[in-house]
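Written out below as structure tokens is the structure these notes cover.
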Amino acid sequence: MFDTNPNVIQNGPRKPAAHNATPLVLIHDGGGTIFSYHLLGDLGRKVVGIANPRFRSSIPWAGGLHEMATAYAGFVAKAVPSGPVILGGWSLGGLLALETAQVLSQTHPDVSVIGLLLVDSVCPVPPDAGWAGAEQRLTEHRIEWPTTTAPATKACVERCFREAHRMVRDWAPPVSQLAPAVLIRCCDPVSAPDDGLLYVDLYRSDQRLGWDNYRRGMFCQVINIPGHHYNVFALEHVDTMTASIKAACETIEQRDLISSSR
């Protein structure tokens with residue numbers, strides 16, 4: 001699962017009439033893995049995952065998110081050599097989807113990104129007035145590991161998270177025109193000790209998770225779901241997540257159909 005890119009998660013429906021559904025490519029979160037996407041129910045389309053190809057090698061991405069996106073654009077084009085595709089991802093994966101869409105437009109013109117899906121991805125662009133003191137309250141998220149997780153896997157995930165924080169801090173989002181985007185937003189904050197605040201909850205009370213600081217009107221739909229940032233793919237929420245991703249893809253397809261018919 002960590003060593004094959006692109007990684008087919010769902011082959012899509014067998015009925016010929018449903019083969020027109022736009023493929024969905026989901027990019028890993030900050031931990032570098034795509035295990036959570038394999039928990040999703042049937043999305044009615046081909047679904048492909050991209051895991052961090054350097055998960056085990058510990059080789060840093062010196063060029064940051066842009067270097068990652070350049071590599072990932074090649075994986076997307078391998079999975080969908082031509083035609084429409086929807087790009088998305090959870091948390092860091094949403095930011096990488098933005099950057100990968102930009103790279104694809106420049107390097108793979110036969111691939112058309114018709115929409116973006118951000119799963120609780122927080123905008124890294126601060127408001128003009130800064131974080132309003134929130135940075136002083138930031139606390140570190142401690143991963144709750146299952147007892148079956150191997151020490152080597154823990155080390156790789158933790159290293160990926162540290163590198164993700166560094167790269168996001170240095171990242172400048174694309175300035176060119178974006179495809180329509182849908183945001184799936186968690187309603188609940190993560191419980192933190194000592195009245196602390198996790199980075200993923202800096203904009204929790206904002207319906208658009210701070211993205212108006214980057215581009216107003218970026219989202220054509222915001223879908224609110226129960227749960228917090230770190231448990232939205234847990235078994236008690238995975239059916240809701242499946243339905244939300246499916247609805248987001250259908251919204252993007254409908255907008256593309258309307259745009260194409262004009």
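Over the C-alpha trace of the stretch 13-69, radius of gyration and Dmax come out as 14.7, 45 angstrom. Taking every lysine pair in the chain that is 8 or more places apart or spans two chains, those with Cα atoms closer than 21 Å amount to 4. Three principal axis extents of the stretch 35-148 based on alpha-carbon atoms, in descending order, are 47, 43, 32 Å.
A simple spin-label model places pseudo-atoms 7 Å from Cα toward Cβ; at ALA152 and LEU257 they are separated by 4.8 nm. The protection proxy used here, the mean number of other Cβ atoms lying within 10 Å of each residue, ranks peptides 47-54, 99-106 as follows, highest first: 47-54, 99-106. Modelled spin-label separation between PHE35 and THR4, with each label point placed 7 Å from Cα along the Cα-to-Cβ direction: 1.8 nm.
Provide the percentage of antiparallel DSSP beta bridges, counting only those with both residues in the chain; round to the nearest 5.
Antiparallel bridges: around 10 percent, rounded to the nearest 5.
Sorted into 10 angstrom bins from 0, the C-alpha pair distances of the chain split as 7, 31, 39, 19, 4, 0 percent.
Extending 7 Å from Cα along the Cβ direction at ASN231 and again at ARG142 yields two label points whose distance is 1.7 nm. Projecting the alpha carbon convex hull of the stretch 129-237 along each direction and taking the average yields 8.9 nm².
FYI, it's all coordinate maths here, none of it is from the lab. This one's a predicted model, so the numbers in the text were calculated from it and none came from an experiment. FYI the Cβ positions are ideal-geometry reconstructions off the backbone, even for glycines, and counts take in every protein chain you see.
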